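Report on one structure; see the data block that follows.
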Amino acid sequence: MERLLPSDPSVIGGYRLAGRLGAGGMGVVYLARSPHGTWCALKAIRSEYADDPAFRARFRRETQLATGLRAHWTVPVVAADAKARTPWLATAYVPGPSLAEAIALHGPWPAAQLLRLAAALAEALDGIHTCGLIHRDVKPANILLAVDGPRLIDFGIARAVGATALTADGSVIGSPGYLSPEQARGRAVGPETDVFSLGCVLAHAATGRPVFGVGPAAGVLYRTVHENPGLEDVPDALAETVRRCLSKDPRNRPPVAELREEFGRFDEHGWLPSGLPALVAARAARVLELPVPQNTVVDDGPPGAGTPDAATRAEVPGTVTPTSRRRVLAAGGAVGGVVAAGAGGWWRWGRPDHTAARGTGPLPRRVIGLLGDRSDPAFTAHERGARLAVGEHQNNPRRPFDLVLRTADDRGTAAGAAAAAAALAADPVMDLVIGAGTNTTVPAAVAACTRARVTLLVTRADTNELDGVNLTSALLLRPTRTVGPPAVLRYLNRVVRPGRSAVVRDLSDADETLQTIRIITVHKKLDGDAVVEEVAPDADFTAAARRIAARGDDAVVFAGVRPGRAASCARALRAAGYRGTRVADEHVIGTPFLDAAEGWFVGTGYTDATADPRTRKFAAAHRARYRSAPAPWAAEAYDAVRFAVHGLTAAGDNARTTVRAELLRHSWQGITRRVSYDPDSEFFQANDDAGSFLYEVTDHAARFVSGADDIPRPEA
């Protein structure tokens with residue numbers, strides 16, 4: 001549970017908000033106190049859905065159905081309003097952790113407890129389907145654990161949104177890794193889709209990992225549709241049933257009634273694995289310790305004055321008539337009076353208060369670590385950009401805290417990174433670490449920070465090993481190679497528009513280049529046809545270059561990470577007389593390549609702060625302080641610190657433990673990119689190819705062309 005943000009409302013539909021329980025693609029879920037004094041989980045729907053009349057109509061129908069649902073192991077809907085400016089829905093509150101959190105903290109479940117979990121979830125789905133509902137989003141995060149059994153939440157909402165989102169463009173609704181192949185393809189679904197999701201949940205609980213892997217949604221969806229699930233560690237008692245649930249063909253999945261018979265009746269005794277009863281009890285105790293909001297009685301004047309028309313509310317049995325705006329304002333003033341009088345009410349607990357920090361006493365202090373190789377020029381650039389951001393923060397008279405930057409040397413090795421990250425994280429005042437290292441060092445730093453539960457912001461590394469960020473404490477500030485080289489792909493699609501491209505894959509780096517091949521050949525992120533030319537590590541590029549030139553391919557994409565090999569490819573293409581467009585990614589930039597690759601285009605994760613119009617003020621400040629132009633990664637490090645400050649400000653007093661959740665919550669615009677995350681996978685969203693830049697090799701140097709989002713669309 002987290003504090004309310006200053007932007008959060010105080011009251012929704014007569015329910016007083018006390019804190020945030022979570023946020024996702026649909027909206028924000030609050031802990032709220034009903035007008036009758038009971039605790040509820042209230043979900044406020046995001047504006048993009050609220051503005052859709054069709055969604056509101058479906059939302060109203062689904063909440064009516066959900067309110068009538070009395071299936072065991074589900075959470076009843078107690079009130080909803082589909083016609084409010086912000087549609088909302090309130091359910092009974094279950095003060096326990098989610099299955100996702102339990103697995104992350106305590107690992108896989110033993111077979112005996114898995115069977116009990118399966119029995120309860122099958123019974124819940126049977127009740128939902130009997131009422132004419134399809135859940136569509138069965139996943140560990142939507143399963144709450146209570147002392148007496150699990151609770152499946154979020155039914156009804158998923159179907160309402162799905163009916164809106166799965167209409168015209170085949171968009172996918174649900175959570176990648178748990179949705180069915182038919183959902184992934186944007187096709188019609190039935191109860192069988194919930195059976196598939198149940199199989200994914202049980203496999204995850206059995207093994208401790210998602211059954212179709214982790215990473216960006218596109219890769220997970222592809223594996224869901226085309227590849228076999230990883231069921232190696234599922235206990236024998238469940239393995240065959242789970243395998244049948246995960247059949248690609250819905251007709252081959254067992255019906256829920258059959259699953260109930262196989263799993264048997266739920267047994268409450270010992271249903272939670274070791275360690276979890278204490279966690280469940282602790283969560284329940286936190287809610288019991290919250291102060292109860294005092295009821296406030298306000299005279300609204302003549303009967304009917306200022307009260308909303310009853311027709312504006314969803315016709316849901318048990319819906320509570322909302323408090324009028326006048327009553328809410330008066331009640332808010334009364335609560336404020338109670339707090340001012342020193343009663344120490346829930347209102348103060350619910351919201352962060354930075355006013356004390358601006359008083360006469362010393363400001364609290366927040367500490368950020370910067371981790372990288374001191375001998376690497378990129379680390380020097382990071383440090384300079386970071387210190388500019390710290391200085392800017394310290395010069396703000398309204399800052400809520402003082403900011404301190406500490407650096408650590410990883411010596412350019414994985415072992416050094418693990419040790420340095422562990423040393424930073426062991427400092428009890430360390431609130432967050434910025435990883436400025438490479439693909440070699442950062443994965444080791446991620447592991448160390450995850451063990452210490454310290455958030456790590458990754459600025460530079462783009463290895464595929466970082467795709468599973470939702471299983472770590474890390475957050476990426478750039479796309480990884482799994483989404484391909486975004487800037488050059490956008491340049492090819494929008495400017496070159498090739499009919500056929502050649503992808504030269506250097507097998508010296510087969511593992512590193514596989515994702516680029518998949519992005520182009522499987523996921524079709526490059527328009528037109530593509531021919532893959534694979535070159536063995538001990539071979540040169542002459543034969544491949546001659547074939548490319550003879551075919552007259554419109555463009556060449558070099559898939560490799562070694563500057564020397566990229567230079568050899570460039571020379572071979574030139575010798576073969578090839579004059580088409582040639583592109584590569586940032587890892588090939590080095591003297592050998594720059595000397596041989598005149599006219600090539602390169603995509604990077606860093607901008608040129610002296611040439612990019614959005615970073616010129618930063619470049620001027622850098623020159624004023626350091627007497628030199630900012631090097632690559634300086635502006636990105638400046639953004640990383642400012643992004644960290646954004647999260648630390650929202651996190652309040654418990655910054656170390658809550659800053660990652662705050663950073664995930666809202667998108668943020670920096671000088672180099674817009675930072676936002678997928679609400680389910682927590683993966684960096686490269687919307688408009690955020691954080692990707694295009695350079696051209698001219699006169700033995702890489703010259704800035706533009707940000708990927710500035711590459712124009714072709715004229716119609």
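Each reported figure results from applying straightforward, stated rules to the coordinates on display, with no laboratory input. Since the model is a prediction, treat every value here as computed from it, not as a measurement. FYI the Cβ positions are ideal-geometry reconstructions off the backbone, even for glycines, and counts take in every protein chain you see.
Taking the Cα centre of segment 557-627 as origin, work out the dipole magnitude from +1 charges on Lys and Arg Cβ and -1 charges on Asp and Glu Cβ, in debye rounded to 20.
Details: 12 positive and 6 negative charges, 50 e Å.
Rounded to the nearest 20 debye, it is 240 debye.
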*Which GluC sites (Glu not before Pro) in segment 533-641 pass both tests, a DSSP loop state and at most 16 other beta-carbon atoms within 10 Å?*
598
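Express the relative contact order of segment 408-558 as a whole percentage, based on alpha carbon pairs under 8 Å and six or more residues apart in sequence. Don't skip to the answer; put the middle values down first.
On the way: 247 pairs, mean separation 26.1, N = 151.
Value for segment 408-558: 17 percent.
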*Report which label in [x] 84, 78, 48; [y] 86, 69, 54; [z] 97, 82, 59 holds the value of Cα extents along the principal axes in Å derived from the coordinates of this structure.*
[y]
_segment 635-716 - charge dipole about Cα centre, Lys and Arg +1 at Cβ, Asp and Glu -1, debye rounded to 20_ = 340
*Taking amide H positions as placed 1.01 Å from N in the peptide plane, with prolines and chain starts having none, which residues 5 or more places from residue 16, or on another chain, fall under 5 Å of its amide H?*
33
*Just add up the charged neighbours of residue 190: K/R +1, D/E -1, any other residue whose Cβ is under 11 Å from the Cβ of residue 190.*
+1
*asked:* At a 10 angstrom cut-off on C-beta neighbours, averaged per residue, how do the peptides 518-526, 576-584 rank from highest to lowest?
replied: 576-584, 518-526
*Report the one residue of 30, 596, 583 whose Cα lies farthest in the direction of the positive end of the charge dipole of the chain (charges on C-beta: Lys and Arg +1, Asp and Glu -1; origin at the Cα centre).*
30
*What is the local net charge at residue 464, summed over the other residues whose Cβ is closer than 10 Å to its Cβ (Lys, Arg +1; Asp, Glu -1)?*
-4
*Between rounded, prolate and oblate, where does segment 624-716 land on the alpha carbon gyration tensor, with a ≥ b ≥ c its root eigenvalues, rounded for a/c under 1.5, else prolate if a/b exceeds b/c?*
oblate
_Ranked by how many other beta carbons lie within 10 Å on average, peptides 461-469, 244-252 from highest_ = 461-469, 244-252
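Taking every DSSP beta bridge with both residues inside the chain, roughly what % is antiparallel (nearest 5)?
Working: 43 of 81 bridges.
Percentage antiparallel, nearest 5: 55.
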*Rh by Kirkwood over Cα pairs, then Stokes-Einstein D for segment 99-277 at 0.890 mPa s and 25 °C, µm²/s*: 152
_222 nm mean residue ellipticity, helices alone, for the chain (DSSP H n ≥ 4; -39,500 (n - 2.57); rounded to 500)_ = -11500 deg cm²/dmol
*Could you work out how far the C-alpha centroid of segment 420-439 sits from that of segment 639-716, in angstrom?*
21
_Computed over the chain: relative contact order in percent, which uses C-alpha pairs under 8 Å that are six or more apart_ = 11
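Calculate the dipole size of segment 448-548 relative to its Cα centre from +1 charges on Lys and Arg beta carbons and -1 charges on Asp and Glu beta carbons; express the result in debye to the nearest 20. Don't skip to the end; give the middle numbers.
Values: 15 positive and 13 negative charges, 122 e Å.
Dipole of segment 448-548, to the nearest 20 debye: 580 debye.
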